[in-house]
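Engineer: Below are the structure tokens for one structure; questions will follow.
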Amino acid sequence: MNGHVNNTIYLGFLETLYHKTINSKAKPIKNIKIRFNREIGKAKESIRSGWHKTNGVYQCNIFDDSILYADAQIIPMDCEQER
């Protein structure tokens with residue numbers, strides 16, 4: 001309708017990344033923080049995602065060859081973050 005992917009789809013991408021790639025043992029997610037940087041156009045055929053772990057938190061990106069669409073933090077239930 002708006003010519004771009006609904007923002008809730010980003011959450012689905014991150015949940016899939018976490019449960020299928022990062023943590024196949026399916027530890028529950030405590031929190032996801034997303035920073036939306038750019039809309040993904042509906043004509044976009046593919047995107048990529050990547051991650052690295054820092055202090056128990058997964059830093060994730062949703063991107064293609066030249067554009068960062070969103071970055072995020074996935075915090076698993078077993079993570080004891082400092083406040």
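Taken together, the values in this text are just the output of simple stated rules run on the coordinates, not laboratory data. From a predicted model like this one, the values you see are computed outputs, not experimental measurements. Cβ atoms come from the backbone with ideal geometry, glycine included; neighbour counts cover every protein chain shown.
Engineer: Using helices alone, what [θ] at 222 nm do you get for the chain, with -39,500 (n - 2.57) per DSSP H run of 4 or more residues, divided over all residues and rounded to the nearest 500? Walk me through the numbers on the way to the answer.
Structural biologist: Numbers: 1 runs with 10 residues, N = 83.
Rounded to the nearest 500, the figure is -3500 deg cm²/dmol.
Engineer: Please give me the summed charge of the neighbours of Ile74: other residues whose Cβ is under 9 Å from its Cβ, Lys and Arg +1, Asp and Glu -1.
Structural biologist: Details: positive: Lys30, Lys33; negative: Glu15.
After counting each charged neighbour, the total is +1.
Engineer: Compute a Gaussian network model of the chain, connecting alpha carbons closer than 10 Å, and tell me which residue from Ile29, Ile40, Ile62 fluctuates the most.
Structural biologist: Taking springs between Cα atoms under 10 Å, the residue moving most is Ile29.
Engineer: Given the convex hull over the Cα atoms of the stretch 4-83, what projected area results after averaging over all orientations, in nm²? Before the final figure, lay out the partial values.
Structural biologist: Numbers: hull surface 21.8 nm².
Computed as one quarter of the Cα hull surface, the answer is 5.5 nm².
Engineer: At each listed q (0.14, 0.19 Å⁻¹), what is the log10 of I(q)/I(0) that the Debye formula gives for the stretch 37-83 modelled as equal alpha-carbon point scatterers?
Structural biologist: Result of the Debye calculation: -0.43, -0.65.
Engineer: Okay, next question. Can you give the FRET efficiency to the nearest 0.05 for Arg48 and Met77, using r as the Cβ-Cβ distance and R₀ = 25 Å?
Structural biologist: Details: r = 27 Å, r/R0 = 1.06.
After rounding to 0.05, the efficiency reads 0.40.
Engineer: List the trypsin sites (Lys or Arg not before Pro) within the stretch 3-33 that DSSP assigns to loop and that have no more than 16 neighbouring Cβ atoms inside 10 Å.
Structural biologist: Answer in residue order: Lys25.
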